[in-house]
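The values are calculated or read from the model by the stated rules, or taken from the named source; none is laboratory data. Since this is a predicted model, take the numbers as computed values, not measurements. In this analysis, Cβ positions are derived from the backbone assuming ideal geometry, glycine residues included, and neighbour counts consider all displayed protein chains.
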Amino acid sequence: MKHYQARRSILVELLRSVLLIYFAGVLLLTGLYVVQVYQHTKKDISNELKVIANAFKNDLKQTLNAPDNQQLSEIGNKILALPVVVSVLIVDANGNSLFAQGKDVGLSDTQLFSRELVITRQFADDTIRLATVRLYSDSGVILNRLKFGFALIFLLGIIKIFLLCALLVWAVKKIFIKPLNKLAKDIELINLGNLSKSRIDLHIQEENELKAIEAIGNQMLRKLDLAKEEWLQIENNYQRILEKEVSERTHELELSNKQLNTLAATDPLTHIRNRRSFFDIAEKYYSIAARTKEPLSVMMIDIDYFKSVNDKYGHAVGDEVLKEFANVTKRQLRDSDLFARYGGEEFVIVLPNTGIEGAEKLADKIRQTIANHYLVTEKGEIQITISIGVSALNKQDTSLDDILSRADKALYRAKENGRNRIETMAA
């Protein structure tokens with residue numbers, strides 16, 4: 001059986017869909033986590049900037065009370081050297097820059113974020129603003145701090161995806177692919193000729209969907225087996241009916257053929273053999289007699305003055321004469337004798353196992369029986385006579401025609417010699 005190869009595997013599509021959904025979920029959750037960590041780290045750095053500013057507050061206050069630009073620059077550079085600080089801006093109360101060093105000093109908070117410290121001093125009851133200190137940091141600081149954490153998160157994500165893929169592949173192979181391959185093998189081994197012994201067994205103990213498929217498959221096999229038995233029974237019944245009908249039709253056909261053969265071989269008026277049937281059978285009689293050297297005799301018979309019967313009484317009466325002659329003559333013959341209408345009012349008889357003497361005696365008996373027989377018709381009683389020519393098989397004969405020819409010549413001699421008589425021509 002040819003294996004079916006699927007162009008697209010359902011299980012592959014299932015794994016692909018699951019992994020895509022999982023990967024999208026991991027990216028989303030990781031993104032949310034990164035954003036949360038980013039904001040939290042940004043807040044921590046902002047607090048660190050505040051701590052740094054407070055740590056240098058006293059030094060800056062002393063330097064600003066007695067303005068010393070060199071010392072202010074040293075303090076600013078110290079602050080700028082700290083990892084979380086990318087730029088430092090110190091302006092006086094009038095907004096004039098006292099110190100401005102670092103990355104993108106004074107730009108908007110789109111890239112930088114800052115922490116501001118106002119330095120003041122008390123004079124009498126007044127608070128005098130000495131300067132404003134702004135410490136800046138940016139996303140680069142955050143990313144540098146989170147770089148290891150993000151790399152670890154990415155690595156763990158890759159490991160999770162790999163482990164999930166391996167786990168899914170193992171689970172799918174164990175739970176689905178192996179039973180499905182077993183199902184395909186069991187289906188391939190199903191013997192349609194013996195469904196009762198065919199069975200699907202996926203080796204599954206749990207009551208799950210595959211177990212249900214196994215049960216449905218076995219139930220289907222049982223139904224197919226029952227349907228097959230029913231179909232075979234119907235087919236056998238139909239075959240018996242068909243055979244019976246064929247037998248009956250064959251018998252009817254044989255009877256019809258037999259009837260047709262009988263009709264084809266029988267003279268429709270006298271119901272004895274016709275000329276064609278006579279020759280078919282007479283040739284066989286001749287062949288047997290010539291081979292076995294058994295005697296064989298032939299009589300040619302003609303009804304005397306039959307034309308005058310037709311002219312005087314009509315053809316209907318003439319037909320009755322022919323039928324009555326055939327019936328009377330047939331009663332004088334054996335079953336093995338061949339009696340046929342040769343044509344018109346002329347008849348022929350073949351006598352197997354009968355020599356010339358026996359044929360003469362039988363011919364004379366038939367002649368006397370006919371001569372003494374009266375046919376009763378509507379136009380009165382009719383009496384007829386017959387002339388007979390007799391011949392027999394001899395050593396010089398090479399065919400049936402030789403015997404028939406001599407019998408025919410003897411018949412004409414009987415007519416010439418006065419009719420109602422028998423003439424013999426043995427050779």
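Restricting 69, 65, 47 to those that are within 30 Å of residue 152 (Cβ to Cβ), in contact with a strand residue (DSSP E or B) (Cβ under 9 Å, 6 or more places away or on another chain) and surrounded by fewer than 13 Cβ atoms within 10 Å (Cβ to Cβ) reduces the list to 47. None of 89, 32 is in the same structural domain as residue 138 (by TED's automatic domain parsing), at pLDDT 80 or above and within 60 Å of the chain's Cα centre (by Cα) except 32. Mind checking whether some residue in segment 374-389 is in contact with a Leu (Cβ under 8 Å, 6 or more places away or on another chain), of a type outside the set (A, V, I, L, M, F, W, C) and part of a helix (DSSP H, G or I)? Taking every residue of segment 374-389 in turn, none turns out to be in contact with a Leu (Cβ under 8 Å, 6 or more places away or on another chain), of a type outside the set (A, V, I, L, M, F, W, C) and part of a helix (DSSP H, G or I).
The set of residues from segment 384-402 being surrounded by fewer than 11 Cβ atoms within 10 Å (Cβ to Cβ) and in contact with a helix residue (DSSP H, G or I) (Cβ under 8 Å, 6 or more places away or on another chain) comprises just one member, 396. The criterion of being modelled with pLDDT of 85 or more, within 23 Å of residue 114 (Cβ to Cβ) and polar (S, T, N, Q) holds for residue 77.
The rows are residues; the columns are (1) closer than 20 Å to residue 409 by Cβ; (2) not assigned by TED's automatic domain parsing to the domain that holds residue 409.
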| position | (1), (2) |
| --- | --- |
| 270 | no, yes |
| 293 | no, no |
| 297 | yes, no |
| 307 | no, no |
| 310 | no, no |
| 314 | no, no |
| 317 | no, no |
| 329 | no, no |
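For segment 187-222, a tally of residues being assigned to a helix (DSSP H, G or I) and either closer than 30 Å to residue 174 by Cβ or modelled with pLDDT of 70 or more (or both) returns 17. Here residue 409 does not qualify as surrounded by fewer than 14 Cβ atoms within 10 Å (Cβ to Cβ) and either outside any strand (DSSP E or B) or touching a Cys at 6+ places or on another chain (Cβ under 9 Å) (or both). If you check 342, 374 for being surrounded by fewer than 14 Cβ atoms within 10 Å (Cβ to Cβ) and in the same structural domain as residue 413 (by TED's automatic domain parsing), only one passes: 374.
Being surrounded by 12 or more Cβ atoms within 10 Å (Cβ to Cβ), over 16 Å from residue 17 (Cβ atoms) and within 41 Å of the chain's Cα centre (by Cα) is the filter here, so list the residues in segment 151-175 that pass it. Selection gives 173, 175. Taking residues in segment 217-238 that are among the acidic types (Asp, Glu), and partners anywhere that are assigned to a helix (DSSP H, G or I), the pairs with Cβ atoms closer than 7 Å and at least 6 places apart or on different chains are 225/195; 225/196. Tell me, please, whether a residue that is in contact with a Cys (Cβ under 7 Å, 6 or more places away or on another chain) and either within 28 Å of residue 153 (Cβ to Cβ) or not acidic (Asp, Glu) (or both) can be found in segment 22-33. No - not one qualifying residue is present in segment 22-33.
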